[in-house]
Each structure stands twice: as structure tokens, then as C-alpha cells.
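Report on the structure given below.
The values are calculated or read from the model by the stated rules, or taken from the named source; none is laboratory data. Keep in mind the model is a prediction, meaning the values are calculated, not measured. Methodologically, a virtual Cβ is constructed for each residue, glycine included, from the backbone with ideal geometry; neighbour enumeration extends over all protein chains shown. For accessibility, only protein heavy atoms count, side chains too; no ligands or nucleic acids. Shrake-Rupley method; radii C 1.70, N 1.55, O 1.52, S 1.80 Å.
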Amino acid sequence: MASSFTVDDSIGSNPLLQDFDFPPFDIVEAKHVRPGIRALLKKVESDLDELEKTVEPSWPKLVEPLEKIVDRLTVVWGMVNHLKAVKDSAELRAAIEEVQPEKVKFQLRLGQSKPIYNAFKAIKESPDWQSLSEARKRIVDAQIKEAVLNGVSLEDDKREQFNKIQQELERLSHKFSENVLDATKKFEKLVTDKKEIDGLPATALGLAAQTAVSKGHENATAENGPWMITLDAPIFISVMQHARNRALREEVYRAYITRASSGDLDNTPIINQILKLRLEKAKLLNYNNYAEISMATKMATVDKAEELLEKIRSASWDAAVQDVEDLKSYSKSQGASEADSLSHWDISFWSERLRESKYDINEEELRPYFSFSKVMDGLFNLAKILFGIDIEAADGLAPVWNKDVRFYCVKDSSGSPIAYFYFDPYSRPSEKRE
């Protein structure tokens, strides 16, 4: 999707403001964010002013120009925010944090536009309503509902309070994610005695050694170490499933589930404040709680969601209890001291041992049959069988943010492209959010 508008020559070279078919992820830098987003906001604000003056309750005079405004901001801000998730840096964080309130301010103004809201209501109340397609009716209904949820019906003090809440919720949400990423990166445990990580498969040992090398232990090897244990998913999962050292499993598990819960990275006050503000927001919009707001744009209700959860719980409870009993029995047969009181850090480990015992399946022996390329080929073949589509590699067609990122084209039965997607399969603990 392309951005298309004219800007001042002084910032005309900013990649965020160029025409593009695919986002220029390879050249966007933190220095482009402030001037780029501000120039974009200035343009879409001008477009919104013009739309509010000329708006009519018709598709070409309302929906089409509105979609262009929303799309411009969504694509560019989405690109910046995506880079923050996959190529995080202090400079990018600072730039986004500075312009984010300006972006939210515009979104609130757009969502609370009375002329646009009234035009959508006029479409629904017009004699032509019944002649609209179901898709267009759904779009109109969604726009009216979203406007109400954005505070369009609030007046004066209540609207001001609502807007302050939205700004703060946006800020807190970003801070929460940053704390989780930083806390994940912060945990490191260097192991020098191979007995401490007994049971870890060769691939995990290799990854832990590579991580140690990246942390300055240049001579680290999979066979002789040292090994760096982190909370990065591939290492964390391997420790939980295969490390015979129960104390290590407990230490890593506790570190993982308590990320960002203490010190400078403590998310506890952020969570409490988010809950408080969400409730205030719900009350302003005449809802009992935030869950009702969340469900307002979905097909279900809070009651129906709770009903479904209870159906799933009751249907799976007995089987889950039996699974735990099986784990207890098996671990006891293996002489495990924790057999009668399995903890969270024991479940994955003994589940893997039981699976190996029952089915004679070893993860390392299976690995050659599930190489990256074979798994992807199998997944794409399944998609073709189920949906009649072809997924083909299109590397080089679109810029990417890391050399390991793959790009694919989805084609229909006639061979015409209908979609594209990026695939970023590898962890990068220093910059990528899980």
C-alpha cells in the first residue's frame, strides 16, 4: 500500500514520506521519525479539515476520502511501530515517544469528528440504506460504533477527560512493552559446568554457546562451553523441557514469569494504572467495565465469552487432571523426589520424558525430518490443499529490516498475487520483541 502526497522539499527525502509499494524498512532510521510523522500529521490534518467542510452522506464523498486519510497514517505509523518491535533501539524509542502524543491527538480528533459521525448516521437513516451491500452496511455500522467508543458523544469536560485517558493509556502500553523486552534481555546466567545443563539437546547447547560468544566469551563452544542461559524463547523452552537440573529449571522459570516485576522495570504500577484508566474510560462511555468495551466491536458478548470458557474448562478438566496424575506416576517411577508435588517448572520436563517413554520419540532424532525448509514447504502445501492458494518466495521484491527476514507472495488459483507477507522466524533478544 502506498503513501502519496507532496511535502516540503526540506524533508522530501524522508523515506516515511515517499511513494512506495512496500515499506522501505531497510532505510528508515530513528532520525526520520520526528520530521516524518509531523509532516504526515500536518498533511492528514489538512485533509481532514477539507473533508469536514465538503463531507456528504455518500460513499465517494465520505468513505473513500476518509479511508485515504486513515490509510496514510496507519501505514506509516505501522511501519515505525513495527520497526520498534523488531529492531528496537534507544533512539527509535525516544523518537516515537516524542511524537506519539501528537499522533494520538489527531486520532482522537478524527474519531470524534461530528461532521463525519453525522454523515455516517445520515447514510444509515437514508432511504438508500437497504440498497447497500451487506459489506457496506457493516462498514457504516462499525464506523458509527467506533465513533461512539472514541468519545464522539461526550461533551466538554468528559471529552477532555476521555482524551487524557487515551493519551495516558497509549503511553503506558508502550512503556509496558519496553519494560518486558528490557527485562527479558537483562537476565543472563553463565554456566561453566556442563553437569548443570545436563539433558539439554545439542542444538540448545550450540545456541547457548553462540549466545555466550555474542556476550564476549569468544572461545565458547557447544561441547565445552561456557554456555549463556537467557530468557530468549528457544533457550528458555529447551531448559524447561530438557534440563535435568531442577534448580536451574526453577530459577529460569521464576525469572521468566517475573519479568518486569521489580526495580526500574517494574510493570506492577503500570498494570494498576492501566486497569484504573480502563475502568474510568468504560464509565465515561456508560459501560460497566472495560471488557464490555472490548466486546462492543466483536461478535460475542462478555456473558457468551464466559460461557464458552466454562464449556472448554468443564470439557477438559477431567482429562487435564488425569494428565497430571500420569506425570506424577511416571516421575515417581523414575525416582523423582518431586513426584508428589510437581511444580510449574517440572511439568514440561516430565511431559517430555513421558512422551519419549510412551512413543519412543526423541526430539533430536526427529529434528532432521523437520528442517526449516521442509516445515515451510509442508505448511504451504497444506494451505494450497485447504484454500487453493500458492505461496511463493518473493525475496528481494520488498525491503526488509534484517537479512534473515523472508518475503512471500500469495497467489490465487489463476496465479494472480492476492497478498504478500513477511516472515521473521529467528529470535534477536537485543532488539526484537517475542
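Things to note:
Here's the yes/no breakdown for (1) assigned to a loop (DSSP other than H, G, I, E, B); (2) over 22 Å from the mean Cα position of the chain (by Cα); (3) crowded, with 19+ Cβ neighbours inside 10 Å; (4) modelled with pLDDT of 95 or more:
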| site | (1), (2), (3), (4) |
| --- | --- |
| 211 | no, yes, yes, no |
| 240 | no, yes, yes, yes |
| 270 | no, no, no, yes |
| 291 | no, no, no, yes |
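- Complete set of residues in segment 338-357 that are hydrophobic (A, V, I, L, M, F, W, C) and touching a residue at least 60 places away in the same chain (Cβ under 8 Å): 345, 349
- Selection within segment 121-132 - assigned to a helix (DSSP H, G or I) and exposed (fewer than 12 other Cβ atoms within 10 Å of the Cβ): 125, 130, 131
- Cross-chain or 6+ apart pairs with Cβ under 6 Å, segment 52-67 first and more than 23 Å from residue 127 (Cβ to Cβ), then modelled with pLDDT of 95 or more: 52/115; 65/51
- Pick from segment 384-404, criterion part of a loop (DSSP other than H, G, I, E, B) and free of Cβ contacts under 8 Å to residues at least 24 places away in the same chain, ranking: farthest from the chain's Cα centre (by Cα): 396
- Residue in segment 346-363 that is open to solvent by 80 Å² or more (accessible area, probe 1.4 Å), modelled with pLDDT of 95 or more and not assigned by the TED database to the domain that holds residue 242 present: no
- Tabulated pairs, segment 270-298, first among the acidic types (Asp, Glu), second open to solvent by less than 60 Å² (accessible area, probe 1.4 Å), C-beta under 8 angstrom, 6+ apart or interchain: 280/165; 292/282; 292/302
- Of the residues making up segment 189-201, just one is under 21 Å from residue 367 (Cα atoms) and open to solvent by 70 Å² or more (accessible area, probe 1.4 Å), namely 198.
- The residues in segment 253-267 that are at positive phi and either part of a helix (DSSP H, G or I) or of a type in the set (Phe, Trp, Tyr) (or both) can be counted, and the count is 1.
- Residues that are surrounded by 19 or more Cβ atoms within 10 Å (Cβ to Cβ) and in a helix (DSSP H, G or I), drawn from segment 70-93: 72, 73, 76, 77, 79, 80, 83, 84, 92
- Some residue of segment 164-176 being closer than 30 Å to residue 431 by Cβ, touching a residue at least 60 places away in the same chain (Cβ under 8 Å) and among the hydroxyl-bearing types (Ser, Thr, Tyr): yes
- Considering residues of segment 133-161 that are in a loop (DSSP other than H, G, I, E, B) and open to solvent by 40 Å² or more (accessible area, probe 1.4 Å) only, the residue farthest from residue 105 (Cα to Cα): 133
- Candidates 340, 318 - the one that is loosely packed, with under 12 Cβ neighbours inside 10 Å, assigned by the TED database to the domain that holds residue 353, touching a Lys or Arg at 6+ places or on another chain (Cβ under 9 Å) and not in a loop (DSSP other than H, G, I, E, B): 340
- Restricting segment 96-114 to residues that are within 20 Å of the chain's Cα centre (by Cα) and not polar (S, T, N, Q) leaves a set whose member that is most open to solvent (accessible area, probe 1.4 Å) is 97.
- Here residue 331 passes the criteria (1) in contact with a helix residue (DSSP H, G or I) (Cβ under 9 Å, 6 or more places away or on another chain); (2) over 16 Å from residue 241 (Cβ atoms) except the one numbered (2).
- In segment 247-268, the residues that are within 25 Å of residue 348 (Cβ to Cβ) and within 24 Å of the chain's Cα centre (by Cα): 252, 253, 254, 255, 256, 257, 258, 259, 260, 261, 262, 267
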